[in-house]
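This report concerns only the one structure given below.
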Amino acid sequence: QLHMLGEGSRGATLEMTLAKILYTSKNTQIIGMSATLNNVGDLQKFLQAEYYTNNFRPVELKEYIKIRDTIYAVDSKTENGFTFSRLLNFKYSSNLEKADPDHIIALVTEVIPKYSCLIFCPTKKNCENVASMVCKYLKKEFRAHREKEKQDLIKNLKYIGNGSVCPVLKQTIPFGIAYHHSGLTNDERKSIEEAYSAGVLCLLACTATLAAGVNLPARRVILRAPYVANDFLKKSQYKQMIGRAGRAGIDSAGESILIVQEKDKHLVQDLVNSPLENCYSSLLLELTKGMQTLLLSLVGLKVAVTYEEVNNFMCSTLLGVQQQLLSKEKSLSEIIKDGLEKLMEKGLLKGRISEKDNNSKCTLTITPLGKATYKGSIDLAYCNLLYRELKKGLEGLILESNLHLLYLTTPYDTTSNCSPDWMIYLRQFNQLSGAEQKVADIVGVPESFITRKASGQAIRKVGWRFLIPKVTELEEFWVYKALLTELTKQLTYCVKTELIPLMEVAGVLEARAKQLYNAGYKTLAHLANANPETLVKMIEHLSRRQAKQIVSSAKMLLSEKAEALQEEVEELLKVPTDIP
């Protein structure tokens, strides 16, 4: 997925990682692949790479677009880029026409359930709506196709979801349909992907993230609209999505159909006939997550510790290769100088960096706050604010519940998506204990503020945030280390403390942990020494294979923990070599 180099903060992180590997290890071989790259020369120079290209595709891809009830083939040889292919042959009642004006059902039923189909939708909500709408109008025969396996999938999702399944999936899976987006947990996503790969599910309504990652091909790929969220589709995104059409070894051809409204016709003509976009460095666009983070980590990791060394390193990045293109006002060395000065102003670096007086060879050092910031991967835009809040927290940390710690550990960037219903907020506030209400008051959200918001008054914004910081690097915050270790576990598993040791075992989720605990398996040692046959008898819906897996995983985990303790003991008993 090398084209991701041009994608915002993800691209900046990828560029930083690759640049460090290339700079510090001359023997490491990097193989980058992409089907949607244009300016390969820049990337070749950045990665010091050989370039191999091939247009071979094991399964032919036929591209179509649909406007109203007409399907056109994409044909770059014609003047407007399209040629007439066929009219849709599907009888729509007036009710169905209202529910499905874009004829998704007609396009889908031409291939499912015998073959597989993906529908890319602009938003997560749209994925769910499309999946629901399609199954409402499918014939009953669709339910009979691999019925038992679909019921097993629902049972599995119920177990993963601790007894509950999303109502949309409960409605759509019996028809062989599901949605796939980032709102699903990893385990839910994995179950749905496996069922689709096995042909139990024949239709997935998904967001663009599926095109960028998981290898789930289909006989037909439908693009619900030429948009990702509110943005018009880029050529590389379009290529990634349609590239899912055609399964090697199964289909003789794959086909993609882009649904287009009349108003977007000209934009789509440009899209299908335009070249791929160029890939540009994101280090300058993502300043605090890109350039400044990179400079801080270079000094922190001792990859480059003088102004001169930092300059040499930056010349080997993609930004270094593209500097003339990306920065007209300032040279690369001026950008570096500005970045290092900013880090010094924030108290993250120490040293001198003027090019005169040989200061370009002066050693730069990282401060304790700088070290904590880069080790904790904290956005540099917030590191000083976070430090102040943690410092203030030490003055009066309330530990009667986890609320104060939770406030201190919520990421700042979640605030932009946070628009509470203040009436519900007030109700929840009134259910807090006195100590918890005191926490709200301390962090600047007193009851008077919430009451005024609930009554609809406009008031200044309050900072909402949380983030698990790497505070252990700072000695003054030693107290947080112990407190956050336990809180991290509780937040990871979201269960009562006594269930956490069981949930650390691979394959044990909350519902299973409760069953095991109630049956007397209360510790890791209990599980590691359990008899799989006894487990099968005592625990409902536990197969012999799952029981064996749980016992062997518990044994492995117990052995790892014992080894770690043994190493600690040996370290403690080691005779120092420098005894006076």
Matching residues, the range 155-177, being touching a residue at least 12 places away in the same chain (Cβ under 8 Å), surrounded by 14 or more Cβ atoms within 10 Å (Cβ to Cβ) and part of a helix (DSSP H, G or I) = 156, 157, 159, 160, 168, 169, 171, 172, 173, 174, 175
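Does residue 210 meet the test of being touching a His at 6+ places or on another chain (Cβ under 6 Å) and either open to solvent by 10 Å² or more (accessible area, probe 1.4 Å) or modelled with pLDDT under 95 (or both)? Spell out the reasoning first.
Working: touching a His at 6+ places or on another chain (Cβ under 6 Å): yes; either open to solvent by 10 Å² or more (accessible area, probe 1.4 Å) or modelled with pLDDT under 95 (or both): yes.
Judged against the criteria, residue 210 is a match.
With the range 314-408 as the region, which helices (runs of 4 or more DSSP H) entirely inside it contain at least 3 residues that are touching a Cys at 6+ places or on another chain (Cβ under 9 Å)?
Values: elements: 318-321, 323-326, 332-345, 368-375, 383-395, 403-408.
It comes to 368-375.
Being in contact (Cβ under 8 Å) with a residue 40 or more places away in the chain and open to solvent by 40 Å² or more (accessible area, probe 1.4 Å): is that true of residue 198 here? If you could, list the steps in order and put the result at the bottom.
Details: in contact (Cβ under 8 Å) with a residue 40 or more places away in the chain: yes; open to solvent by 40 Å² or more (accessible area, probe 1.4 Å): yes.
Spelling it out, residue 198 is indeed in contact (Cβ under 8 Å) with a residue 40 or more places away in the chain and open to solvent by 40 Å² or more (accessible area, probe 1.4 Å).
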key: Whichever residue in the range 323-344 is under 16 Å from residue 287 (Cβ atoms) and polar (S, T, N, Q) and, among such residues, is least open to solvent (accessible area, probe 1.4 Å)   = 327
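Starting from residues that are assigned to a helix (DSSP H, G or I) and polar (S, T, N, Q), keep the ones in the range 1-48 and report whichever is farthest from residue 377 (Cα to Cα).
Narrowing the range 1-48 to residues assigned to a helix (DSSP H, G or I): 2-6, 8-24, 40-47.
Now restrict to residues that are polar (S, T, N, Q): 9, 13, 17, 24, 44.
Working: 9: 12, 13: 11, 17: 13, 24: 20, 44: 29 Å.
This residue is 44.
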request  = Check 461, 489, 481, 496 and return the single one that is modelled with pLDDT under 75 and among the charged types (D, E, K, R).
outcome  = 461
query = Looking at residue 448, is it modelled with pLDDT of 85 or more and under 31 Å from the mean Cα position of the chain (by Cα)?
reply = no
inquiry  = Among the residues that make up the range 108-116, is at least one of them buried (at least 17 other Cβ atoms within 10 Å of the Cβ), in a helix (DSSP H, G or I) and either over 28 Å from the mean Cα position of the chain (by Cα) or free of Cβ contacts under 8 Å to residues at least 12 places away in the same chain (or both)?
reply    = yes
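Given the criteria closer than 29 Å to residue 185 by Cβ and within 27 Å of the chain's Cα centre (by Cα), does residue 558 qualify?
Values: closer than 29 Å to residue 185 by Cβ: yes; within 27 Å of the chain's Cα centre (by Cα): no.
So residue 558 fails the test.
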inquiry  = Given the criterion of a type in the set (Ser, Thr, Tyr), farther than 30 Å from residue 78 by Cβ, open to solvent by less than 60 Å² (accessible area, probe 1.4 Å) and assigned to a helix (DSSP H, G or I), identify the matching residue among 288, 293.
reply    = 293
ask   = Hey, any hits in the range 440-447 for a residue that's open to solvent by 30 Å² or more (accessible area, probe 1.4 Å) and small (Gly, Ala, Ser)?
value = no
ask   = Could you count how many residues in the range 545-569 are modelled with pLDDT under 90 and open to solvent by 100 Å² or more (accessible area, probe 1.4 Å)?
value = 3
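Quick one: which of 248, 229 is on the phi > 0 side of the Ramachandran plot and either of a type in the set (Gly, Ala, Ser) or open to solvent by less than 10 Å² (accessible area, probe 1.4 Å) (or both)?
Values: 248 fails: on the phi > 0 side of the Ramachandran plot.
Among 248, 229, only 229 is on the phi > 0 side of the Ramachandran plot and either of a type in the set (Gly, Ala, Ser) or open to solvent by less than 10 Å² (accessible area, probe 1.4 Å) (or both).
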query = Of all the residues that make up the range 136-149, how many are closer than 15 Å to residue 114 by Cα and touching a residue at least 40 places away in the same chain (Cβ under 8 Å)?
reply = 2
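Working only within the range 68-77, note down all residues that are exposed (fewer than 10 other Cβ atoms within 10 Å of the Cβ) and of a type in the set (D, E, K, R). Step through it out loud before you land on a result.
Step one: of the range 68-77, the residues exposed (fewer than 10 other Cβ atoms within 10 Å of the Cβ) are 76-77.
Listed by number, the list holds a single entry, 77.
Can you confirm whether residue 400 is open to solvent by 70 Å² or more (accessible area, probe 1.4 Å), more than 30 Å from residue 343 (Cβ to Cβ), in contact with a Ser or Thr (Cβ under 8 Å, 6 or more places away or on another chain) and of a type in the set (Asp, Glu)? Let's see the steps before the verdict.
Working: open to solvent by 70 Å² or more (accessible area, probe 1.4 Å): yes; more than 30 Å from residue 343 (Cβ to Cβ): yes; in contact with a Ser or Thr (Cβ under 8 Å, 6 or more places away or on another chain): yes; of a type in the set (Asp, Glu): yes.
Yes, satisfied.
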message = Please go through (1) touching a residue at least 12 places away in the same chain (Cβ under 8 Å); (2) outside the structural domain of residue 361 (by the TED database) for residue 266 and return the number of the only condition it doesn't satisfy.
response = (1)
ask   = Tally time: how many residues in the range 259-285 are assigned to a helix (DSSP H, G or I) and buried (at least 17 other Cβ atoms within 10 Å of the Cβ)?
value = 5
note = Here the residues within the range 75-102 that are more than 30 Å from residue 36 (Cβ to Cβ) and either among the acidic types (Asp, Glu) or part of a strand (DSSP E or B) (or both) are 87, 97, 100
task = Kindly indicate which of 531, 518 is polar (S, T, N, Q), modelled with pLDDT of 90 or more and under 25 Å from residue 157 (Cβ atoms).
result = 518
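Just one of 51, 72 is assigned to a loop (DSSP other than H, G, I, E, B) and without any contact (Cβ under 8 Å) to a residue 40 or more places away in the chain; which is it?
On the way: 72 fails: assigned to a loop (DSSP other than H, G, I, E, B).
Within the list 51, 72, the selection yields 51.
Scanning the range 21-40 for residues that are touching a helix residue (DSSP H, G or I) at 6+ places or on another chain (Cβ under 9 Å) and free of Cβ contacts under 8 Å to residues at least 24 places away in the same chain, which turns out farthest from residue 244 (Cα to Cα)? Walk me through it before giving the result.
Keep residues of the range 21-40 that are touching a helix residue (DSSP H, G or I) at 6+ places or on another chain (Cβ under 9 Å), which gives 22-23, 28, 30, 32-38.
Within this subset, residues satisfying the condition of being free of Cβ contacts under 8 Å to residues at least 24 places away in the same chain are 28, 30.
On the way: 28: 31, 30: 25 Å.
Ranking the candidates gives 28 first.
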key: Selection within the range 14-38 - at pLDDT 90 or above, of a type in the set (S, T, N, Q) and closer than 17 Å to residue 321 by Cα   = 17
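Of all residues in the range 367-396, count the ones that are among the hydrophobic types (A, V, I, L, M, F, W, C) and open to solvent by 40 Å² or more (accessible area, probe 1.4 Å). Step through it out loud before you land on a result.
First pass over the range 367-396, keeping only residues among the hydrophobic types (A, V, I, L, M, F, W, C): 369, 372, 378, 380-381, 383, 385-386, 390, 394.
Adding the requirement that they be open to solvent by 40 Å² or more (accessible area, probe 1.4 Å) leaves 381, 385, 394.
Selection size over the range 367-396: 3.
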inquiry  = Can you report the number of residues in the range 43-67 which are under 23 Å from residue 7 (Cα atoms) and open to solvent by less than 40 Å² (accessible area, probe 1.4 Å)?
reply    = 4
task = State whether one or more residues within the range 352-365 are of a type outside the set (D, E, K, R), open to solvent by 10 Å² or more (accessible area, probe 1.4 Å) and under 31 Å from the mean Cα position of the chain (by Cα).
result = no
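The values are calculated or read from the model by the stated rules, or taken from the named source; none is laboratory data. This one's a predicted model, so the numbers in the text were calculated from it and none came from an experiment. Ideal geometry is used to build each Cβ from the backbone, glycine not excepted, and the neighbour counts take in all protein chains shown. Please note that ligands, DNA and RNA were not included when accessible areas were found on the heavy atoms of the full protein model with its side chains. Shrake-Rupley method; radii C 1.70, N 1.55, O 1.52, S 1.80 Å.
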